[in-house]
1. To make sure I understand, if each residue's beta carbon is the centre and we count other beta carbons within 10 Å, what order do 75, 258 fall in, fewest to most?
2. Which FRET efficiency value, to the nearest 0.05, is calculated for residue 215 and residue 37 with the Förster distance at 41 angstrom and r the Cβ-Cβ distance?
3. Sorted by packing (mean other beta-carbon atoms within 10 Å per residue), highest first, where do 89-99, 186-196 land?
4. Which residues in segment 251-279 have a backbone N closer than 14 Å to a point placed 7 Å from the Cα of residue 88 along the Cα-to-Cβ line?
5. Would you kindly state how much longer the chain becomes between residue 237 and residue 274 on full extension, computed as 0.36 nm times their sequence separation minus their alpha carbon distance, in nm to one decimal?
6. Run the quick spin-label model on residue 160 and residue 60: label points 7 Å from Cα toward the beta carbon, then report their separation in nm to one decimal.
7. Starting with the highest mean, order 149-158, 218-227 by the number of other Cβ atoms within 10 Å, averaged over the residues of each peptide.
8. How high is the relative contact order of segment 153-298, in percent, counting Cα pairs under 8 Å that sit 6 or more residues apart?
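Any read-out appearing in this document is the output of simple, stated calculations on the displayed coordinates, not a laboratory observation. Every value quoted in this text rests on a predicted model; they were computed, and no experiment measured them. Here the Cβ positions follow ideal geometry from the backbone for every residue, glycine too, while neighbour counts run over all protein chains shown.
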């Protein structure tokens, strides 16, 4: 058996040792098993499965004595925290995405130079099905820092507001503010088809909201419909007004909303909390009660927001 084949099926620590270029210290996490909902197939939704993690991190050797000081080393907790953070961020379809995000987060640690991440599904077949990736940072490259996420203003438009002749003027004002802005809508004023299963009905009602999002986009070309957190972050950083299509973010949320899609404003307020919004502007509907975040409502005849 060639060394390459041996390394491919061995623990990542053996691969790290066999492919090392220079002396580096290593820390490892072996056989860390977590139950989580993940997967692209429909039968993987609404249920958890066991996922096993094996991770090796190569770190720069310390230049001085350790002095038994935990602050001088890369703690094992930082590895398990990276796993927990990415699992809690959103529901993912692919192990490859999860592995890449975990590796990226670990490489933000100043000591980390190269990371091996192996993730396996234990309940999808007779054996373990998984992926392994390797990510590295050059010795001269500084540890990256997470960019601060923008704190957008969330603007909820009632159906009457979407059809209002004042819509263009409102969007002109929002655009002129140059603030990260996400527009949200509810379902149209027609009854949604009824399904016999709760999950199917939830999808139908979320899709009804997305249809209304496209209605809004059709009324003003500056309103761009987006459905992923990545698209939202990009549009906010690039001064683009987005319209939230909720299906993916709602269905992929680890701690999803308790509000039903038909309760559109409650769903929007959940989204605002998820986005860590600076404030929420409601056009054409009364303010809800008992909310902690900054809320403001304007009537349909108000020309200046």
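1. Numbers: 75 13, 258 9.
Arranged by neighbour count, lowest to highest, 75, 258 become 258, 75.
2. So, using R0 = 41 Å, E works out to roughly 0.80.
3. With the highest mean Cβ count within 10 Å placed first, the list reads 89-99, 186-196.
4. Answer for this model: 254-256.
5. Working: separation 37, 0.36 × 37 = 13.32 nm, distance 1.73 nm.
Difference between extended and current length: 11.6 nm.
6. 6.2 nm
7. On the way: 149-158: 20.8, 218-227: 15.8.
With the highest mean Cβ count within 10 Å placed first, the list reads 149-158, 218-227.
8. Normalised by residue count, the contact order of segment 153-298 is 29 percent.
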